[in-house]
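Shown next, in structure tokens, is the structure this report addresses.
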Amino acid sequence: MIRRPARHWGVALRLLVVLTAVTLVTVITAWAVASQIGPGIFHENLLQHSDDDATEHAEIAFTTAGGFSLAAALAVALLVSTALSLSIAGRVTRSLRPIVVAAGRIAGGAYDRRVPVPGLGAEFDELATAVNAMSERLEQVDTTRRRLLADLAHELRTPLTTLTVYVDSIDDGVRPPDAATLQVLRDQVNRLSRLAEDVSAVSLAEERRLPLHRAEVLPSDLARAAAAAANPAYHAKGVFLQLDTATRTPTVRVDRDRIGQVLANLLQNALRHSPPGGAVVIRVRAERGGVTIAVVDAGDGIAPEHLPHVFDRFYRADTARDRDHGGSGIGLTVSKALAEAHDGSLDAASPGPGMGATFTLHLPAAPADRTDPAPAQPARLHERDTQIDT
């Protein structure tokens, strides 16, 4: 990370101080030269005209001495001020040159270029810092872009290969086009469709171009709707799903469908990594300025080295296992982008492998005083008749 420089004097103040110093040097130099040269010249003129009228020749001597001393003083002062001006101009040029060169190279794609902070003033320091930050950000974007293209090509290769093999087998008469074969083909097509939709969604969300239809919603309603949608899959695997909401939470102003997509991704992720007989809890709590909706599981957990990367595109700690579940590889990336598009955030935490994980969605409260009269006790959602107890 590029550290911001400490606050220094601005360029305007520095130039004012420098110009004031140049003026003072000029005045002092003129006075010093005049005081050293003037009396001697005045004395010589008086001695040359000692027999003539004293007053007239005193005036001539004073004029001559003043003229010579002032000319010499101004000449010396001009040399001093010119030297100081050249020094200042040279330092400004030397400070700006690396920035200009780096900006040109960054424009040409050399995003690893950095420039030193010149210390010439707050404006120049902030300019250098901004160029370094821009270069660092562009380098990260370029790295992400390259990795995204490589990962996307890799993700496309698996379903396309499967489709090609099955189609060729059907065409050669090796495999009959029965229901099982058609289901495999349908699954791969659906996987490609989900991948295309997720890539489009995450790009639009990160660029803040995703249309959001906001409305004031109770957080417990969001959690309850997501739990109801996920409950059949949890029932099929034998994982218990519970809803735990606080008694009073502020409302949120969100796009209900998009936040539902976030919660659906989190619940699907929790189910994927929870063993049969395990439990997943959706916990809704009020926090200062908003609410949190956390999905807590006691499943596989996340290793510390993998935790910072769980929201990266196509990142999988266990590639084979996750691919077997047919995920697009960017569900959590989409979820984080959608959370940030709502001015919220999405965090991940885990004590370690085998100790479960918690994904927490933070949403700002709506500008209203309405609160959510949700039940204080957790409600188990996985029942024999799959009814949701609210």
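Tell me whether the stretch 337-360 contains one or more residues that are modelled with pLDDT under 85 and either touching a Cys at 6+ places or on another chain (Cβ under 8 Å) or open to solvent by 50 Å² or more (accessible area, probe 1.4 Å) (or both).
No - not one qualifying residue is present in the stretch 337-360.
Is the stretch 162-169 home to any residue that is surrounded by 12 or more Cβ atoms within 10 Å (Cβ to Cβ) and in contact (Cβ under 8 Å) with a residue 24 or more places away in the chain?
Yes, there is a match, as at least one residue in the stretch 162-169 is surrounded by 12 or more Cβ atoms within 10 Å (Cβ to Cβ) and in contact (Cβ under 8 Å) with a residue 24 or more places away in the chain.
Can you name the number of the only condition in (1) out of contact with any Asp or Glu (no Cβ under 9 Å at 6 or more places or on another chain); (2) in contact (Cβ under 8 Å) with a residue 12 or more places away in the chain; (3) of a type in the set (A, V, I, L, M, F, W, C); (4) open to solvent by 20 Å² or more (accessible area, probe 1.4 Å) that A236 fails?
(2)
For the stretch 171-188, what are the residues that are assigned to a helix (DSSP H, G or I), farther than 24 Å from V199 by Cβ and open to solvent by 50 Å² or more (accessible area, probe 1.4 Å)?
Going through the stretch 171-188, the residues assigned to a helix (DSSP H, G or I) turn out to be 171-172, 179-188.
Narrowing the set further to residues that are farther than 24 Å from V199 by Cβ leaves 171-172, 179-183.
Result: D171, D172, A179, A180, L182, Q183.
Looking only at the stretch 262-278, how many residues end up being over 35 Å from the mean Cα position of the chain (by Cα) and open to solvent by 40 Å² or more (accessible area, probe 1.4 Å)? Quick ask: steps written out before the conclusion?
Initial filter on the stretch 262-278 (over 35 Å from the mean Cα position of the chain (by Cα)): 275-278.
If we keep only those that are open to solvent by 40 Å² or more (accessible area, probe 1.4 Å) too, we end up with 275-277.
Qualifying residue count, the stretch 262-278: 3.
Return yes when T129 is more than 35 Å from the chain's Cα centre (by Cα), in contact (Cβ under 8 Å) with a residue 24 or more places away in the chain and closer than 30 Å to H309 by Cα and no when it is not. Full working, then the answer.
On the way: more than 35 Å from the chain's Cα centre (by Cα): no; in contact (Cβ under 8 Å) with a residue 24 or more places away in the chain: yes; closer than 30 Å to H309 by Cα: yes.
Taking the combined requirement at face value, the residue does not satisfy it.
Identify, from the list S135, S169, the residue that is under 30 Å from I99 (Cβ atoms) and either more than 22 Å from the chain's Cα centre (by Cα) or modelled with pLDDT of 80 or more (or both).
Numbers: S169 fails: under 30 Å from I99 (Cβ atoms).
Step by step, each of S135, S169 is checked, and only S135 is under 30 Å from I99 (Cβ atoms) and either more than 22 Å from the chain's Cα centre (by Cα) or modelled with pLDDT of 80 or more (or both).
Among the numbered conditions (1) under 26 Å from L210 (Cα atoms); (2) not in a strand (DSSP E or B), tell me where L271 comes up short.
Of everything listed in (1) under 26 Å from L210 (Cα atoms); (2) not in a strand (DSSP E or B), L271 misses just condition (1).
For I259, are the conditions met, namely being part of a helix (DSSP H, G or I) and crowded, with 19+ Cβ neighbours inside 10 Å?
Details: part of a helix (DSSP H, G or I): yes; crowded, with 19+ Cβ neighbours inside 10 Å: yes.
For I259, the condition - part of a helix (DSSP H, G or I) and crowded, with 19+ Cβ neighbours inside 10 Å - is met.
The values are calculated or read from the model by the stated rules, or taken from the named source; none is laboratory data. In this text, all values refer to a predicted model and were calculated from it rather than measured experimentally. Every residue, glycine as well, gets a Cβ built from its backbone with ideal geometry; the counts of neighbours run over all protein chains shown. Side chains are part of the model used for accessible areas, which takes the heavy atoms of the whole protein and leaves out ligands, DNA and RNA. Shrake-Rupley method; radii C 1.70, N 1.55, O 1.52, S 1.80 Å.
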